[in-house]
Amino acid sequence: MINVNNVSVSFGGTTLFSDVSFSINENDKIALMGKNGAGKSTLLKIIAGVGQPTSGNVSGPKDAVIAYLPQHLLTQDHLTVFEETSKAFEEVYQMRDELEDLNKQLETRTDYETDDYMKVIERVSELSEKFYSIEETNYDAEVEKVLKGLGFLRSDFSRPTSEFSGGWRMRIELAKILLKKPDLILLDEPTNHMDIESIQWLEDFLITSAKAVIVISHDRAFVDNITNRTIEVTMGRIYDYKAKYTHYLQLRQERRQHQLKAYEEQQRFIADNQEFIDRFRGTYSKTLQVQSRVKMLEKLEIIEIDEVDTSALRLKFPPSPRSGQYPVIVEELTKTYGDHVVFEKASMTVERGEKVAFVGKNGEGKSTMIKAIMGEIDFDGSLKVGHNAKIGYFAQNQASLLDGELTVFDTIDQIAVGDVRVKIKDLLGAFMFSGDDTTKKVKVLSGGEKTRLAMIKLLLEPVNVLILDEPTNHLDMKTKDIIKEALQDFDGTLILVSHDRDFLDGLANKVFEFGNKRVREHFSDVKGFLEYKKMNSLKDIEK
């Protein structure tokens, strides 16, 4: 059991949270929830031992192994994928090498009576007990199994890690963590750079093989599938629910309603007493009663209501101009980079008003197909963009294309039309830009903030074909819900690349699967597609 004891964090005169206490038990699978800036990542770092609280501490057994996967990695090295992942067993290898060295010493030394010799004997005894208690494992096979589960090909094992993107390096770190079989795994946004199959593999691992887990994630389906407890960080304190995320949302709503009721009763009580004070102030016969009530109000602890839920704000697209019947027609399309074939003879037709999802492992050509549609790359074959198709495009690097010199407010004010103009502040607030945030220049925003701003900008432009490439990576669940509702109501055509199943569910009604240099069309929603894929993999196991 690991205990978080009265932990507080303050900086620059601001208290992030105070006197936070809870216990983490074996087999607890905890979702750490709360809005951006509430202190979730800070709390995770403190539990991991890489951050220090202002006061309080984290305690647990001396030999407890805590493994931590941060949101952003800074590692740079020149080892291969396999060598870097094998570092998970570094401690075991060091023990083995030290034992061999000490045993060689004992073979050659003759100073049997000295203290130094006895220390070597004690060390050998201590190490042997630890080393031989570890069950015999084929470490290479374990490394291979985990890497393949996380989406690496055997041919990737010998490639230097420096050749891989940040997302793939994140998976290498995750592989090292999973191989250590820790007592507690701390994961900060682990699914941001994973495709659907890798997420399913990770889910299965965490459910069947991991001990205690604490995860911060905006992937609702992932959180719901793996957790049995939810801790919410809000307004400087925590609420602990023995429930998974979906059930927690209901309990949270009930809690807010109770708070609201208590708050309204307290406000009426304050108003009644204030009226009495104002009315009888200066009346000699009521002096003691007035003073008593003044003191009582001064000591009264005002009931706070948790953050106001802005998800009720509905975002609507402007009506889209009518496009031709087939906004995108692809025939016999082939794309290669040197000897590497991304896909060959791919064909697809997207009809007006369809909402389709591009799914498949990373590197199978989803983003490449979008670049082809946008005319950004050369290819062999035929691709036609239909009559009057006005495309709105959200690329993975969309955030970097914003004008850094404009303020947040001006970025939206420039393109907002109609009713939206009087609601710009509400709209920005729903996307977590409030108060002074709206006057910040875009160039000082974080990557996540820029992504949210680029998303609002796109959602306000009058287009009839929306192409979104991984739009939800930096968005919290509330913001995703707002966007999802807007996309469901969108009367144009939607092409969506995403590994967020919860976001795709109920949004896309057709799936194009990218894999093995082919593009296959599935006439079902994402749920139906995944059920079909699961049947496939079961058959593969049976073979």
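Every number in this text was worked out from the coordinates using simple rules, so none of it is lab data. Treat the numbers as computed from the prediction; the structure is a model and nothing was measured. Because the Cβ atoms are built from the backbone with ideal geometry, glycine has one as well, and the counts that use them run over all protein chains shown.
Stretching residue 209 away from residue 119 to a fully extended chain increases their span by 28.6 nm, per 0.36 nm per residue minus the current alpha-carbon distance. Over all directions, the projected convex hull of the C-alpha atoms in segment 333-420 averages 8.6 nm² in area. Measure off 7 Å from each Cα along the Cα-to-Cβ vector at residue 15 and residue 436, then give the distance between these two points in nanometres to one decimal. Those two pseudo-labels are separated by 2.1 nm. Computed from the C-beta positions of residue 57 and residue 251, the FRET efficiency with R₀ = 30 Å rounds to 0.55. Taking amide H positions as modeled 1.01 Å from N, with prolines and chain starts lacking one, the residues under 5 Å from residue 65 and 5 or more places away or on another chain are 183, 184. Entry note, the chain: relative contact order of 15 percent, from Cα contacts under 8 Å with a spacing of 6+ residues. In terms of the mean number of neighbouring beta-carbon atoms within 10 Å, the peptides 434-444, 362-372 order highest first as 362-372, 434-444.
Segment 28-55 and segment 90-107 have Cα centres spaced 38 Å apart. Suppose R0 equals 25 Å; then what is the FRET efficiency for residue 520 and residue 380 from their Cβ-Cβ distance, rounded to the nearest 0.05? So, using R0 = 25 Å, E works out to roughly 0.80. Each principal axis of the Cα cloud of the chain was evaluated for its coordinate range; sorted largest first, these ranges are 100, 79, 46 Å. Each residue of segment 410-416 was assigned a 3J(HN,Hα) from its phi angle through the Karplus curve 6.51 cos²θ - 1.76 cosθ + 1.60 (θ = phi - 60°); the sequence is 5, 4, 7, 4, 5, 10, 5 Hz, with glycine and proline shown as x. Give the shape of segment 19-159 as rounded, prolate or oblate, defined through the alpha-carbon gyration tensor: a ≥ b ≥ c are the square roots of its eigenvalues, a/c under 1.5 means rounded, and otherwise the shape is prolate if a/b is larger than b/c and oblate if not. Oblate, since a/c reaches 1.5 and b/c is not below a/b. Only lysines eight or more places from residue 286 in sequence, or on another chain, were considered; those with a Cα closer than 22 Å are 295, 299. Take every Cα pair under 8 Å whose residues are at least 6 apart in sequence, average their separation, divide by the length of segment 185-308, and the relative contact order is 19 percent. Only the Cβ atoms of Lys and Arg (+1) and of Asp and Glu (-1) were treated as charged; on that basis the dipole of segment 1-98 about its Cα centre amounts to roughly 580 debye. Summarising the label geometry, the points placed 7 Å from Cα in the beta-carbon direction at residue 298 and residue 390 lie 6.4 nm from one another. In straight-distance terms, cross-link reach from residue 345 covers every one of the aspartates and glutamates whose alpha-carbon lies under 15 Å from its own, apart from those fewer than eight places away in the same chain; here that gives 331, 332, 364, 378, 380, 513, 521. Listed peptides 333-345, 240-252 appear in the order 240-252, 333-345 once ranked by packing, highest mean of other Cβ atoms within 10 Å at the front.
Within straight-line reach of residue 390, meaning a Cα separation under 17 Å, sit the following lysines at least 8 residues removed in sequence or on another chain: 355, 371, 457. A simple rule links phi to the HN-Hα coupling: the Karplus curve 6.51 cos²θ - 1.76 cosθ + 1.60 with θ = phi - 60°, which for segment 6-23 gives 6, 7, 10, 9, 9, 7, x, x, 9, 9, 6, 7, 9, 6, 7, 9, 6, 10 Hz, with x for Gly and Pro. In terms of the mean number of neighbouring beta-carbon atoms within 10 Å, the peptides 126-132, 178-184, 491-497 order highest first as 491-497, 178-184, 126-132.
Spacing of the modelled spin labels on residue 65 and residue 1, each 7 Å from Cα toward Cβ, amounts to 2.4 nm. Summed over qualifying helices (DSSP H, 4 residues or more, each -39500 (n - 2.57)) and divided by its residue number, the chain shows a 222 nm mean residue ellipticity of -12500 deg cm²/dmol.
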